[in-house]
Amino acid sequence: MNLRIHDTLTDSLQDVLPADGKRVGFYCCGPTVYAAAHIGNFRTFVVQDIFRRALELSGTPVKHVRNLTNVDDKTIRVSQEQGQSLGEFTAFWTEKFHADCEALNLLRPQIEPGAVEHIAEQIDLIQRLMDKGHAYQAGDGSVYFRVESFPAYGRLSRVQDRELTTGTAAQSDDEYDRDSLSDFALWKAAKPEDGPNVWESPWGRGRPGWHLECSAMSMKYLGPSFDVHSGGIDLTFPHHENEIAQSEACTGVTFSRLWFHVVHLMVDGHKMSKSLGNMYTLEELQAKGFRPEEVRYALIAGHYRKHLNFTLASLEAARPNLQRLAKLEKHLHHVAGSPKRPSYGALCTSRPALGRFAPAFEALLENLNVPRALGEVFKAAGEIEKAPQSAKPEEYSGLIVILEALGLRLPELGAVEAPGEIRALAEQRLEARANKDWGKSDELRDQLAALGWSIKDVKGGYELEPNA
RNA sequence: GGCGUGGUGGCAGAGUGGUCUAAUGCGCGGGAUUGCAAAUCCCGUAUUUCGUCGGUUCGAAUCCGACCCACGCCUCCA
């Protein structure tokens with residue numbers, strides 16, 4: 001069974017197959033590194049991560065490229081405001097982004113090109129477009145793509161005659177000299193506020209336009225025609241439309257064969273926005289006591305083609321779910337004879353039988369239906385919990401495969417060792433209980449709680465855990 | 001205004017013509033257990049019901065139409 005995904009270009013489900021028969025070339029529009037990415041950004045990246053995992057775990061290798069936008073209006077403006085060089089500024093936020101990705105258990109793309117490191121490739125692309133008559137230099141010194149010269153424009157977003165319906169309010173100073181409102185910048189002429197962040201080109205000093213980097217870098221690493229391109233739904237127009245135009249006008253071949261877009265995350269029923277104060281970052285949620293794996297769980301709990309309403313309540317639901325899975329994993333691990341956990345790479349090549357977890361994986365292959373996959377996982381979990389002896393040894397690897405596909409890390413059960421002072425209190429309480437001194441016992445339990453530990457009585461003893 | 005998505009139980013969220021008296025999770029209620037709890041386990045949890053009104057069909061949450069509502073995109077944006 002192949003992975004199928006909704007293709008924006010054809011508005012239909014398509015099999016994801018590598019054109020070269022070997023591996024899928026996969027390009028994702030990455031973050032602009034000028035601030036911490038918010039959970040909306042991460043919804044998209046997490047979905048793309050699951051896409052890659054599902055493909056790899058079903059035996060198809062993926063070459064994953066995700067760019068870093070490290071030169072644009074925002075990075076330049078904010079770095080200047082903060083008195084930092086563009087390089088040190090974007091390096092800082094890149095590092096922050098990588099830390100968040102690691103915390104959220106995102107596989108690192110094999111290639112993560114930065115726009116500023118690929119100026120030459122972008123200039124080359126502009127030159128080829130100029131040579132073919134698809135681009136022109138305007139009076140302001142900037143170079144624009146002539147949308148009119150590319151008849152297929154609008155095919156992805158199904159928007160015709162954009163320039164007729166676009167209001168003039170959006171027109172800003174640096175776009176004044178375009179022949180048509182829908183023409184977009186390939187090269188932006190240097191302006192005083194750019195500071196030192198300008199590069200030499202055949203059209204004078206300046207910097208590349210935003211859309212260009214993705215074309216230049218995706219084609220550099222994946223070739224002029226590749227398999228899959230993905231991004232947030234808002235990128236469909238104009239970003240991806242422009243990418244297609246400038247790439248195909250240049251090469252004459254299909255740019256990406258398939259496109260999929262992730263619908264936006266909502267918070268408390270509304271779009272995230274600064275004014276509503278609902279733009280969470282991972283760090284902010286961690287400060288509220290949530291764990292990254294819980295955030296990941298909450299982000300994948302809805303289908304990627306629908307709005308997902310992210311709330312703190314939805315985050316809270318993640319913890320008991322993950323704990324339940326951790327218990328299930330422990331049981332299956334035991335049933336399997338406590339083997340070493342197979343690595344992700346080993347699972348991709350060995351592709352073990354999944355037992356009761358097969359329907360969950362199949363749900364994933366069908367347009368990344370994560371909610372249904374989770375439902376299937378819990379259905380299997382319920383069966384095994386009801387009849388623990390019915391668990392088969394191979395179901396351990398089955399569960400591991402689905403957990404890897406979803407990228408879910410499970411909490412370790414009872415892994416935290418209590419400090420001596422805490423254990424001493426617990427010992428006192430054990431003694432009090434032995435003497436049936438319930439008053440003292442309860443008092444000690446309160447004391448422990450105040451110190452951040454919860455105590456659970458078990459046969460002949462106790463277990464200590466940090467408060468949830 | 002143009003384009004688009006969706007309205008399913010307290011919440012989240014599957015289900016896209018019959019097996020739906022609607023998956024799954026959270027929550028909630030009850031029980032077991034416990035000195036009392038916690039943790040764990042068990043049971044129950046949408047009173048033909050899936051925004052409203054019509055239509056197609058032997059049969060619809062699923063198809064069609066109208067309407068109401070919510071949300072998104074329309075060159076900053078995952």
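Miscellaneous remarks
- A single entry from A:GLY398, A:GLY407 fulfils the requirement of being touching a Gly at 6+ places or on another chain (Cβ under 7 Å), open to solvent by less than 10 Å² (accessible area, probe 1.4 Å) and modelled with pLDDT of 90 or more: A:GLY398.
- Scanning region A:273-289 for residues that are open to solvent by less than 30 Å² (accessible area, probe 1.4 Å) and touching a residue at least 24 places away in the same chain (Cβ under 8 Å) yields A:THR281, A:LEU282, A:LEU285.
- A:PHE97 modelled with pLDDT under 95, at negative phi and either under 33 Å from the mean Cα position of the chain (by Cα) or open to solvent by 20 Å² or more (accessible area, probe 1.4 Å) (or both): no
Let's see how each residue does on (1) more than 22 Å from A:SER314 (Cα to Cα); (2) assigned by TED's automatic domain parsing to the domain that holds A:LYS191; (3) more than 13 Å from RNA strand B (Cβ to nearest atom); (4) open to solvent by less than 20 Å² (accessible area, probe 1.4 Å):
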position	(1), (2), (3), (4)
A:THR44	no, yes, no, yes
A:PRO61	yes, yes, yes, no
A:LEU68	yes, yes, no, yes
A:VAL71	yes, yes, no, yes
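- Inspection of region A:117-128 identifies no residue that is in a loop (DSSP other than H, G, I, E, B) and open to solvent by 30 Å² or more (accessible area, probe 1.4 Å).
- Failed condition for A:VAL33, given (1) buried (at least 23 other Cβ atoms within 10 Å of the Cβ); (2) over 18 Å from A:PRO113 (Cα atoms); (3) of a type in the set (Val, Ile, Thr): (2)
- For region A:433-461, a residue qualifies if it is more than 8 Å from RNA strand B (Cβ to nearest atom) and surrounded by 17 or more Cβ atoms within 10 Å (Cβ to Cβ), and the qualifying residues are A:LEU444, A:LEU448, A:TRP453.
- Residue pairs whose Cβ atoms lie under 6 Å apart, separated by 6 or more positions or on different chains, with the first residue in region A:449-468 and farther than 16 Å from A:GLU427 by Cβ and the second of a type in the set (A, V, I, L, M) and modelled with pLDDT under 85, are A:PRO466/A:VAL416.
- Entry remark, region A:1-13: residues being within 20 Å of A:VAL65 (Cβ to Cβ) and either of a type in the set (A, V, I, L, M) or over 21 Å from the mean Cα position of the chain (by Cα) (or both) number 3 in total.
- Strands (runs of 3 or more DSSP E) completely within region A:252-312 that count 3 or more residues being of a type outside the set (D, E, K, R) and under 23 Å from A:HIS240 (Cα atoms): A:256-262
- For A:GLY252, the conditions (1) open to solvent by 10 Å² or more (accessible area, probe 1.4 Å); (2) small (Gly, Ala, Ser); (3) within 24 Å of A:GLY25 (Cβ to Cβ); (4) near RNA strand B (Cβ under 10 Å from one of its atoms) all hold with the exception of (4).
- Residue within region A:338-360 that is under 19 Å from A:ALA301 (Cα atoms), of a type outside the set (A, V, I, L, M, F, W, C) and either more than 15 Å from RNA strand B (Cβ to nearest atom) or outside the structural domain of A:THR60 (by TED's automatic domain parsing) (or both) present: yes
- Scope region A:379-407; condition touching a residue at least 24 places away in the same chain (Cβ under 8 Å), in a helix (DSSP H, G or I) and under 28 Å from A:ARG43 (Cβ atoms); matching residues: A:ALA380, A:ALA381, A:GLY398, A:LEU399, A:ILE400, A:VAL401, A:ILE402, A:LEU403, A:GLU404, A:ALA405, A:LEU406
- Conditions (1) within 10 Å of RNA strand B (Cβ to nearest atom); (2) more than 11 Å from the chain's Cα centre (by Cα): number failed by A:ALA54: (1)
The values are calculated or read from the model by the stated rules, or taken from the named source; none is laboratory data. Quantities reported herein were computed from a predicted structural model and do not represent experimental measurements. No Cβ is skipped: glycine too gets one built from the backbone with ideal geometry, and neighbour counts run over all protein chains shown. Side chains included, ligands, DNA and RNA excluded: accessible areas come from the protein's heavy atoms. Shrake-Rupley method; radii C 1.70, N 1.55, O 1.52, S 1.80 Å.
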